[in-house]
Structures are given as C-alpha cells and as structure tokens.
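The values are calculated or read from the model by the stated rules, or taken from the named source; none is laboratory data. Small disclaimer: the values here were computed from a predicted structure and weren't measured. Neighbour counts run over all protein chains shown; Cβ positions are idealised from the backbone, glycine included.
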Protein chains: 4
Amino acid sequence: MQLGLVGLGKMGANMRTRVQAAGIDVVGYDPRPEVTDVASLSELKDKLSAPRIVWLMVPSGDPTRENVKQLADILEPGDIVIDGGNSRFTDDEPNATLLDAKGIHYLDCGVSGGVWGLQNGYGLMVGGDKEHVATAMPIFDALRPEGPREEGFVHAGPVGAGHYAKMVHNGIEYGLMQSYGEGYEMLTAEPLIEDVTGTIKAWTRGTVVRSWLLDLLVRALEEDPGLTEISDYTPDSGEGRWTVEEAINHAVPLNVISAALFARFASRQEDGSPTLKAVSALRNQFGGHAMKAAEH
Amino acid sequence: MQLGLVGLGKMGANMRTRVQAAGIDVVGYDPRPEVTDVASLSELKDKLSAPRIVWLMVPSGDPTRENVKQLADILEPGDIVIDGGNSRFTDDEPNATLLDAKGIHYLDCGVSGGVWGLQNGYGLMVGGDKEHVATAMPIFDALRPEGPREEGFVHAGPVGAGHYAKMVHNGIEYGLMQSYGEGYEMLTAEPLIEDVTGTIKAWTRGTVVRSWLLDLLVRALEEDPGLTEISDYTPDSGEGRWTVEEAINHAVPLNVISAALFARFASRQEDGSPTLKAVSALRNQFGGHAMKAAEH
Amino acid sequence: MQLGLVGLGKMGANMRTRVQAAGIDVVGYDPRPEVTDVASLSELKDKLSAPRIVWLMVPSGDPTRENVKQLADILEPGDIVIDGGNSRFTDDEPNATLLDAKGIHYLDCGVSGGVWGLQNGYGLMVGGDKEHVATAMPIFDALRPEGPREEGFVHAGPVGAGHYAKMVHNGIEYGLMQSYGEGYEMLTAEPLIEDVTGTIKAWTRGTVVRSWLLDLLVRALEEDPGLTEISDYTPDSGEGRWTVEEAINHAVPLNVISAALFARFASRQEDGSPTLKAVSALRNQFGGHAMKAAEH
Amino acid sequence: MQLGLVGLGKMGANMRTRVQAAGIDVVGYDPRPEVTDVASLSELKDKLSAPRIVWLMVPSGDPTRENVKQLADILEPGDIVIDGGNSRFTDDEPNATLLDAKGIHYLDCGVSGGVWGLQNGYGLMVGGDKEHVATAMPIFDALRPEGPREEGFVHAGPVGAGHYAKMVHNGIEYGLMQSYGEGYEMLTAEPLIEDVTGTIKAWTRGTVVRSWLLDLLVRALEEDPGLTEISDYTPDSGEGRWTVEEAINHAVPLNVISAALFARFASRQEDGSPTLKAVSALRNQFGGHAMKAAEH
C-alpha cells in the first residue's frame, strides 16, 4: 500500500510517521526542499502506482483549492484525492466536481487530535462514495486510534459530510473549552478555594465532567499555576465562525457555541470594547455617572 | 401640602426643586449641614403637620434601612413613609412591617429619569395600599412628567411592586443600551460607513429604533466622536444583578439582559479574562498553538 | 420633479402616496395590472424625462437583481436607480457595477418606518456618490420625516453604506424588542405586579427606557392584555441573520443581537429543541433522572 | 473503621455498598423502616464508637439542616459530621457553627458520579479542617475512584469549599451538556450527515472532544436514535442557578453556563415564551407582520 501526502507541516509530518508505522509506503511532497521526498506533484504522481491515493494536508482555502486544481491536471482517472485539512465543507462539492470531470475521485476527511494524534491516533470523519472510502480504508485504519473502528472513524455521508462533521466537532470544542474556562474562573474568584489546580485535578476521575480536555487543563495548570505567564488573547481559526454561520443557515439556536466564539473576539479588543464605550457614554448622559478616561 | 424629604443628593435636590415648583412646601433633611433645612429627623417631623409624608431618597441597603428604623421611632400613627431610592424590592416588606407595627404606612416608589427628571419629570412606579397612594398623589403628580398621569405613573401593586417594576425597568435599560452599543460597534467596524455619528443621528426620527436613549447617544457622539476620550470600563449599580437573580427565581430565560450585565463585568477585568486564559492554555496543550505572553 | 417607482406593495404604495403629497409626479409599475400605472418597465421609462430616477421597492434577492438587470437594458446614461428595498448590502456593489457599465448611476437606500412611514415619514440611510444623492434629494426630502434633515436622513458613505446601515438598524431592533420582551416576561412572572400593562404604560414618559417601540408595546397590550391571542412563533426576515454574519466577518462580539435572533429560531421549533433532548438524555444516563416522554 | 450513614436513597444506598466493600462497617439510618439499620439517630449514635463519623446523604436545604440540628443534640464532642449532599455552600458555615458549639466537627463534601459511582467511584471535593479530613480519609478513600488519590479527591479549602467546588463542577456540567446538545442539533439539521449517531460515536477516541459525557451520549443515541421517545423538557436541580448567582456575586461573566441554564428554563415554557409573544406583537404593530394565533 502506498500514500501520496501533500503538506508536511506539523500535522502532516506526524501523520506520515503514523502511516509509515503501519507499514504503508508514504511519498511526501512539500514546497520546502529540506522536508520533501519529491521535487514536484508530478514526481509524486510518478512514484505512486495506480490507483493512487493522494492526501492533502495543507492550509484550507486557496492553498487547498490550488492543490486540487493541480492534481486534477496531473492525476489519472481512478485515482483518489483526500482533503484532510480543515477546509470549509462548502469547498468540497466544487473540489469533487473539478476532479470528477477528469474521472478522479474525492473524499473529504475531518481530522481531530492535534499534536497528540501521532501517539493516540486521529479521530476521522469522512465524506464521499462508499467504494472510495473502502479503497482508502487501510490509510484510515493506520491513522485512527486503536480500538473498534467505529469509535474513531465514521463514514458520515456524501462529499462534504466529513468536513461538516469536523466543523461541528470544533464548534463543540469551543463550547467545552469555554465551559471549563468559566468554571476555572469561578474557582479563582472564591477565596474559599485554596487549591484551584487540585480541585480541577480531582475532577479527572469519577466525576461527570471528566474528559481529555480536562486532563489537558490540569497539565496546563501544573505547568503554570494561576496561568500568570499568558495573556487572555485567544485566536480563532475559522471553524467556530463557520459553525455559527451554518447555525444561522439552519435556524439552529446556538447560544453556547456562539458565546464561546464571541468571547474570543472580545479577548482581542485591545483598545477595549466600542460597545461598552457607548454604554458608558449613555450612562453618563442620563445619570451623570462618571466615565473612566481612556488611557492614551 | 407638605413633604418631608430625606436625602438631598443629586437626585434628592432636583426632586425638591420640582416638588416646590408645584407649590408644595418641602422640608429637607440631609446630614450635610450646608444643604439641610433641619438639624435632625426629629426636627423634620416637628416641622410637618400630621398626617406626614416623608420621602426617603438615600442610598439603598443599610442607609435606607437605618432611616426607616429611625422614622419608625419618630413618626406618628397615620404618617406615610415613601422609599423613593433604588432599593431591592425584597427590602420593602421588612420596612413596611417595621413601620406598620407603629401604625405608620409605607409606599415604595421606583423613580426613573436621572438628571433629566428635574425638567422632564420622573417616571414613577408605586407599590402599597390604595388609600395611601391616594393621599400621596399630589406629590406623585408634582414629580411625574406633564401629560396623562398613566403615562408617567403607575400604582403597580402592593408593597414591593414599585421597586420590582423599577428593577425590571433598569434590566430593560441594560438590554437597550447594549443593543445600541453593539449597533454602534458594527458601524465603526465597517469602512463603508463614513459617517457613524450621522448614521445614528438619522435614526432619531421616523425609524423603528428611535428612542430617548438614542437621542442621548447622538449627544454623546457629537461631544466626543469616536468616543476616544473614554475607556470601556462600565460599572453596574445593582439592579441589573437583581433582575438576573429574580429571573433565576422565576425560571425566566433572560439571555439578553444577562449578556448585557456580563459585558459590563468583562469590561472591568483589567488583567484579562481568566476564562480565556484557560481557553488559550488548552489550545496550546492540544494543538501546540502559540499563547500570547502576559504583560507584567 | 418625477419619480419612477417599481413595486407597489404595502410599502411601495404608501411611499407613492407620501411622495405625491410632496408635489412629485410618480409613475408606478407593478406586475399586478390592478395597481400599476404602466404596462412595463419600458413604458415607465418613456413616461419619465431624463435624467430619470427609478426607485426599486421589491423583495430583496432575485427579484431586485432581476429588476436591476432589466433597468440596465432599458434606462439611459445619466439615469439613477435607487434600491430602497431590504437588500443585503453585498448586493449593492454588483448592482452598481452592472448599471455603471451602461452609464447609469446607483444609490442604495435603507428605509425604516414600517406601516407608520406614510404618516410619520421614513428614516433613510443612503449609500452612493455625492452628486447622485444631491440629484435625488427632493425624493428623499419627500419621504423623510418632518424636522431637520439630518435627524431622518444620512448619506452614510459609498454604494453599500445605506443597506449596511439599515442592516445594523434592524439588528439593533432585534435587541431592543428582545429587551422589552424579557422585561415584559419578568413583570408577568411576579405576582406583586397586579397591572402589567399599566406598568409598561407608565414607562412611556420621563423614564430612561421610553421609545417608540415601547409605545407600540402599550398599544399591543391594550388590544390584547396578556397577549393571550397570539403564539410566540416569531419569523425573522434576514437582516438579523446578516448582522450576525457581518459581526463574524468583523470579529465583533454580538452577544445580545445574536441571542435575540436565536430566540426567534427557538420559538419556531415546534417539535422541541433537539439540543435539550440531548441534554435530557444525558441527565438520564448519568443521574438516572427521569425523562419526559415525547407527545406523539 | 465505622461509618454512620444518614439517608439511604439511590445515592446513599450505593455509597453504603461501596464503603462496605472497602471493609468499613456501615450503620445506616433512613426514615423508611424497610431500608434502615437502626430506628433513630440516637440508636445510630449508640452503635458507633467515638470518635464517630456520620455522613449525611439527604436532600439539601431543610432536610439537611434539620438533620444537622438533631445531630448537634445527639452526638458528642470530637465526633465528625460530613454533609455529602448537594447543599448550597452557603449552608455550610451555619451548619459548622451550630455543631462547633457542641464541640462537634464538620466537613462538607461534594460528590460527583451519579448512578455510576457505585462501580467507578465518586469524585470528592472536601471542605473543612485538615485534621478532620485526615480522620475521615479512609471513608474518602473507599468512596473515590481507583488510581492516584489526587485524581478523584481534593481537600479544596475550609468549610464550604467542598460544596462550592461541587457547585462549579455542576455549572461546568451544564455548559458541557449544552455544547454537546448544540453539536448534536447541528448534525441533525444537515442532510449531508447520514449517520448522526455514528458521527458522534466516532468522536469517542482520539478527538479533542472525547469525554465520559460523550460516551453517555452515544449510549443514549444507540438506545433511541433520533431521541424520538423523549421531550425536550429539562429540569434543573439548583446548582446551575447557584453558579450563576455566585457569578453575579463575584462579577464573573458567565455567558455559557448561564445560557445553558436559560435553555432549560425555556424548555419548560409549555405555553410558549412570553418574551417572544411580545416580540411578535411588536412586529405586528410596526410592520403589519402577521402574528400566529395561539392554540387554545
């Protein structure tokens, strides 16, 4: 079994290691000469026997679309392209159509697990046709965690279903992290709690709230009790936004996940919230309440 | 007609002026010698003919409770005490019971209008017995705005109803201000909008969102376009909190008013949000995402 | 002065009346023969002297785009098309470009006021070039409320600014209505409040929360105290959704307006909330808490 | 080692079994003759050697307070009372004070794990004095899960800290469940997702969102795919409310946990939301939008 792997960044490199460990021959391509196995996508194609499986692990949006376009020109009918990046699910149908015109098949695969996937395996959510999923199953089996296949892999539906599932997974992730964060803040706010880290650590077995994220929170707190070394500035990487946008499309009330997203936006307003400046100005207007001066 | 007025701060002093303008004789008491008419509550009582009406306009909580206690000792059966401060409605029943033991009557009166009440009149929400409301009506008529009585005054129910109504009024106020604030922020965020103040000013006639608060927002923006002189630090004065607490007691889903309250809390977290620090630490743990260092 | 008016529905018909009352000659077109003045857009064009002003007041999306396309073929260089409908502001740039290729000018105009605009005038927010705004000013002056122009009209910026401003206006409207709604619910939940309608009516003068929407809430409650005749099912018409989507684009934390939108979504879930079904199922799983059976 | 256990309901009975399995002699008291070991609290006391440890596992509020009062009269100086119920942490200080007057010691212990605690062990969060915690440690060790003590047990601080920690734990639980619920709803809303249960099951290994609650959600969906047999009606048992109330006391912005609580409130509004009825009535007033009639 062979796999062509395009994109050897942090995630891609780890995935190569895990797939190789399962006895699969991986040919990797990356524009950076120091990490790539081949000099071009054409060379990648030449090193693989038909029918080829080429896995994309590059940034979503233009970079992924650009690679799909090139592969449509290079690959042969019967080959399979799998987009394993964090693409928006609405990109999948156009990608599939483009490739299908050349007789090339397409699968989209949401991948979860972060830097831990190398050792724990990756949770996989796949969209596409049943027969192509079957063809690529050895790759999926190599990447997914040990244990029953259905606990770390799903063929969720047709093209797009994999990335949609991954998008929702990440939306949930936003909500879970914000929930733990609010709980952490509640503990730090109350003087009775003399051992915040210890309290959270005591939740890691037996309780209703135990989870892998909770284990990670304990790790973080043991490394930096009080989280004094970091700012609250928190980026977001797209999937939370897409989840809220899809909620709007489907008229789903998404109060918790959207609040988690908005909290990240607020964390990045370094000149303060224009909304609250307006509120403060209004309080001054009707009540004569003092406003706090801006620090310039 | 006479009125005893206890508390001659910003609100109390304005109310005295308005009541006097209606031809009512006001005897004011305040601990500050430079503004008081009398030296003590006893002297206040002596200057008024029975049945007396004494209006409390002092800070809520202990100061109001303390004055009620003293008035219970000083006043005579048949007198009326009106608490016009921003007391929590749960304070009204104990106050009424204390006074009732001496045959003294009690009304609670929520007062809205801020520093503009002197010229515009005050919106009044009253709780208590019908006959005592009738006795005090000339005072209420002096304070309320011009126009039909029912558009600026209500006898909302028994003791406590007035302050409950005022609490809800202020909860709504939080939601309205936050709504306008969010709209203001949306305008400032979009480069197409070249005239933010002008856009908001154009909403003051004819539109669905026109209101007195909107007029005040225009005033604030005309004084300080861009609100560059003020920080977003926004205090809260209790009634928003009580509204959310009562929503919990009544199992009312209060998403908007609570979000407005929480936004004020967040505006005051000058070392950043502990919640988001935890979220940022979690992202780093599972994804290797960089964290922003705290500024010490 | 002449105006071509395309779309004579509820809003369009009222606007025709108001513009005519200002002494402007209106030629109206509508596909319904019983209300139209002319048989076609071509005939509309022929009845107007150059440079023509044609105001579109048709449903947003395809109907508006279709009319713009036809007008691009029919009108002459120097004519002006004004889209007064509730179009998404992202439609404006393509519309303007299409018309500009024929030398036809374009303005977008957000219009607020609802069925009351006929008598009160409409709040207007306009995007486009200064000189075309100046040409159309007599129309805007006819439509806007009495009083200073800047209190009911704004030239907010280039093409798109008018509809963006109207979108934000409607987003605020969502937040305001939800705030009043939550306050109304808090009053109905508390037995102390014996006169809910009266309490809200008493807020219409002198208080901080007074507004036109509050006046309308009093009207509604006087017509149907307790709102017993209506369900809570509440549609949304697009602009609330767009506001949240733009907030995501601009990374603006929009907690209140989004909560107001989500509350409408929830009001329409007639089989109940799938989210809460999952929560209820989870409680049963870990705590053995009884679940309520579905009613089939 | 001996333990007096008051309250042999679902939780208490399971805990007795687990403590007995660790070789500790349990004397149980319950008002129901068919399950109790002794006829009264006095007899319970007589069966235990000093210094006694008596664990309360009765409903919070009055029942717990009443038992503490009786134990204060019955027990002897040096005995220890542990409240393991879901009491509000503000009850702990009064309970401790009452017992302390008789020389009896007090610990509060939050217990998590639900019906699964019997086999998995219970997560324990304890408040009180160090020496009394040490005395009771064999009991805590019997109840907590296998594994390192600090992963299922914490001495969080002085009296009250245990119940505060448990309250926050439950607040987090609300947020987590709502997050999973919203994700579940997003999957059901999208036709691309042909296998909702399978998708969620595929998240149980390797992914960032894996947790014990997620495992339970899979169990629930395997028992009732589509959750068609249950309504969305979801009770709340106090600790979510207390968490929001404490957030208000501490000025912590608790957007996510409060939204989860409010969603439960909304799920129980069987006549619909008064808030949305007001919104719908307002839309009708200004826009002439039709309202949906109530079903009587």
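One residue stands out among those in region B:80-109 that are surrounded by 24 or more Cβ atoms within 10 Å (Cβ to Cβ) and among the charged types (D, E, K, R): the one that is farthest from the chain's Cα centre (by Cα), which is B:Asp92. Of all the listed residues (B:Val159, B:Val115), the sole one being modelled with pLDDT under 95 and either more than 30 Å from C:Lys130 (Cβ to Cβ) or not assigned by TED's automatic domain parsing to the domain that holds B:Ser237 (or both) is B:Val115. Looking across region C:1-22, the residues that are over 17 Å from C:Gly117 (Cα atoms) and in contact (Cβ under 8 Å) with a residue 60 or more places away in the chain come down to C:Met1, C:Leu3, C:Val6.
Checking each residue in region A:182-196 for being assigned to a loop (DSSP other than H, G, I, E, B) and either more than 7 Å from chain D (Cβ to nearest Cβ) or in contact (Cβ under 8 Å) with a residue 60 or more places away in the chain (or both) picks out only A:Pro191. Please state which of the following conditions B:Asp271 fails to meet, knowing it meets all the rest: (1) surrounded by fewer than 24 Cβ atoms within 10 Å (Cβ to Cβ); (2) in contact with an Asp or Glu (Cβ under 8 Å, 6 or more places away or on another chain); (3) more than 16 Å from A:Arg264 (Cβ to Cβ). Only one criterion in (1) surrounded by fewer than 24 Cβ atoms within 10 Å (Cβ to Cβ); (2) in contact with an Asp or Glu (Cβ under 8 Å, 6 or more places away or on another chain); (3) more than 16 Å from A:Arg264 (Cβ to Cβ) is unmet by B:Asp271, namely (2).
Among the residues of region B:128-165, those identified as in contact with a strand residue (DSSP E or B) (Cβ under 8 Å, 6 or more places away or on another chain), surrounded by 20 or more Cβ atoms within 10 Å (Cβ to Cβ) and at the interface with another protein chain (Cβ under 7 Å from one of its Cβ atoms) are B:Arg144, B:Pro145, B:Gly152, B:Phe153, B:Val154, B:Ala156, B:Gly157, B:Gly160, B:Ala161, B:Tyr164, B:Ala165. Evaluated against (1) crowded, with 20+ Cβ neighbours inside 10 Å; (2) farther than 18 Å from C:Gln178 by Cβ; (3) free of Cβ contacts under 8 Å to residues at least 12 places away in the same chain; (4) within 7 Å of chain C (Cβ to nearest Cβ), D:Ala281 falls short on exactly one condition, (2).
Within region A:135-146, residues that are among the charged types (D, E, K, R) sit with their Cβ atoms under 8 Å from residues that are part of a helix (DSSP H, G or I) and modelled with pLDDT of 95 or more, at 6+ positions apart or across chains, in these pairs: A:Asp141/A:Arg149.
Looking at region A:157-169 only, could you name the residues that are under 17 Å from A:Thr243 (Cα atoms) and either assigned to a loop (DSSP other than H, G, I, E, B) or in contact with a Gly (Cβ under 6 Å, 6 or more places away or on another chain) (or both)?
Residues satisfying the conditions are A:Gly160, A:Ala161, A:Gly162, A:His163, A:Ala165, A:Lys166, A:Val168.
Filter region A:203-231 for residues that are of a type in the set (D, E, K, R), touching a residue at least 24 places away in the same chain (Cβ under 8 Å) and touching a strand residue (DSSP E or B) at 6+ places or on another chain (Cβ under 9 Å) and give the result. Result: no residue meets the conditions.
Residues of region B:23-54 being assigned to a loop (DSSP other than H, G, I, E, B), touching a residue at least 40 places away in the same chain (Cβ under 8 Å) and within 18 Å of B:Val111 (Cβ to Cβ), which ones? Across region B:23-54, the qualifying residue is only B:Ile24.
Quick check on this structure: which one of A:Thr204, A:Thr199 is polar (S, T, N, Q), crowded, with 18+ Cβ neighbours inside 10 Å and either part of a helix (DSSP H, G or I) or away from chain D (no Cβ under 12 Å) (or both)? I'd like the intermediate steps shown before the answer.
Working: A:Thr204 fails: either part of a helix (DSSP H, G or I) or away from chain D (no Cβ under 12 Å) (or both).
Criteria check complete, one pass: A:Thr199.
In summary, C:Ala290 fulfils each of the numbered conditions (1) among the aliphatic types (A, V, I, L, M); (2) facing another protein chain (nearest Cβ under 7 Å); (3) surrounded by fewer than 22 Cβ atoms within 10 Å (Cβ to Cβ) with the single exception of condition (2). All of (1) facing chain A (nearest Cβ under 8 Å); (2) within 21 Å of C:Ala189 (Cα to Cα) hold for D:Ser179 with one exception: (2).
Looking at this structure, is D:Leu276 more than 9 Å from chain A (Cβ to nearest Cβ) and more than 21 Å from the chain's Cα centre (by Cα)? Write out each step before concluding.
Values: more than 9 Å from chain A (Cβ to nearest Cβ): yes; more than 21 Å from the chain's Cα centre (by Cα): yes.
Answer is yes for this residue.
If you go through region A:207-218 and keep only what is within 21 Å of A:Gly117 (Cα to Cα) and outside any helix (DSSP H, G or I), you end up with A:Arg210, A:Ser211.
Taking the criterion of being among the aromatic types (Phe, Trp, Tyr) and more than 7 Å from every other protein chain (Cβ to nearest Cβ), would at least one residue in region A:238-255 satisfy it?
Residues of region A:238-255 that are among the aromatic types (Phe, Trp, Tyr), as a first pass: A:242.
Filter again for more than 7 Å from every other protein chain (Cβ to nearest Cβ), leaving A:242.
Checked region A:238-255: at least one residue is among the aromatic types (Phe, Trp, Tyr) and more than 7 Å from every other protein chain (Cβ to nearest Cβ).
Is it fair to say B:Gly23 is at pLDDT 95 or above and surrounded by 14 or more Cβ atoms within 10 Å (Cβ to Cβ)? Can you show your working first?
Values: at pLDDT 95 or above: yes; surrounded by 14 or more Cβ atoms within 10 Å (Cβ to Cβ): no.
Criteria not met by B:Gly23.
Kindly evaluate C:Tyr174 against the criterion of being more than 7 Å from chain B (Cβ to nearest Cβ), touching a residue at least 24 places away in the same chain (Cβ under 8 Å), over 30 Å from C:Val26 (Cβ atoms) and out of contact with any Pro (no Cβ under 7 Å at 6 or more places or on another chain).
Numbers: more than 7 Å from chain B (Cβ to nearest Cβ): yes; touching a residue at least 24 places away in the same chain (Cβ under 8 Å): yes; over 30 Å from C:Val26 (Cβ atoms): yes; out of contact with any Pro (no Cβ under 7 Å at 6 or more places or on another chain): yes.
The answer is yes for C:Tyr174.
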